[in-house]
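Heads up: the structure comes next, in structure tokens.
What follows draws every value from the coordinates through simple rules; no lab data is involved. Everything numeric here is computed off the predicted structure, so don't read it as measured data.
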Amino acid sequence: MKCREMVELMTDYLEGALSVRDRERFEEHIAGCDGCRAYLEQMRATMKTVGNLADEPIPETIQEQLLEAFRSWKATSS
Amino acid sequence: MRRQPISDGTSSELDALKRGDEAAFVDVLQRYHGPLMRLAIAYVRDRQIAEDVVQEAWLTAIRTLARFEGRSSLKTWISGIVINIARARRRKESRLLTFTSLLGGDDADRRKHTVDPSRFGSDGTWRELPHSWENVPESTLIGNETLTKVKAAIEDLPPKHREVIVMRDVAQLGAAEVSQLLGISAENQRVRLHRARAAVRKALEDYLA
């Protein structure tokens with residue numbers, strides 16, 4: 001595998017979607033290639049950074065309104 | 001035999017909601033708000049509209065909670081509701097929707113490079129190695145400025161790629177769940193995810209350089 005091909009297999013690798021044979025070749029290449037190792041780490045760091053976008057508190061007014069809706073559902077369903 | 005729910009600990013959570021447990025409800029509201037907002041924004045762009053979408057989704061969820069059997073996780077279920085409402089809203093309100101989303105399928109995508117070919121020599125190896133981000137301080141990677149860049153990069157993605165990266169990497173839904181929600185094959189899901197992540201990686205690389 002060439003580095004040029006490696007970069008297109010990163011997600012398949014991270015997803016566990018490579019065949020056993022391809023995964024072995026992939027890992028063999030990574031072990032000996034600083035560039036592809038750095039690229040793989042960048043992909044992982046990217047995923048983690050994107051994950052930080054989930055941190056957004058719910059505005060209190062919305063929470064109150066929804067909780068109110070939940071309460072009236074409970075009141076009518078029980 | 002009944003199928004086991006795909007659970008991330010949410011089946012007891014679901015039971016609590018069905019019992020009308022308010023603390024459990026507030027807990028899921030708070031935990032899912034961020035991911036659901038990102039998901040809605042992936043479709044409708046406008047924050048205010050996205051907030052309306054998420055709110056409407058919760059109201060729908062409350063109304064139909066009793067009928068939900070927990071065959072998918074609570075998060076997947078509510079994500080599906082958000083997607084349906086957001087898509088309907090986008091169709092109704094967006095005159096900005098371009099046709100780019102309709103052009104070029106995943107098969108065409110599969111063959112396109114995600115890394116500038118000029119970064120590799122004729123032998124297919126790196127001309128200049130990508131920089132390690134190991135020395136980038138954690139505070140930089142989670143800083144507001146970085147997150148703003150990441151948000152912008154995600155917004156620039158084609159809609160089909162945008163929805164997948166938000167579902168997978170923001171909402172943390174599983175590959176199978178996302179394929180199912182979007183009605184696409186496992187392979188197409190991966191192709192879209194790969195292109196999305198590669199584009200955001202590139203934006204981060206440009207920013208951190």
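Side notes on the structure shown:
- Subset of A:48/B:18; A:74/B:151; A:74/B:160; A:2/B:160; B:92/B:149 violating a 31 Å alpha-carbon distance limit: A:48/B:18; A:74/B:151; A:74/B:160
- Calculated [θ] (222 nm, deg cm²/dmol) that DSSP helices of n ≥ 4 give over chain B, each run adding -39,500 (n - 2.57): -19500 deg cm²/dmol
- Relative to the dominant Cα principal axis of chain B, helix B:22-44 is inclined by about 40°.
- Shape class for the stretch B:104-208: oblate, because the ratio a/c of the largest to smallest gyration tensor axis (alpha-carbon atoms, square roots of eigenvalues) is 1.5 or more and b/c is at least a/b.
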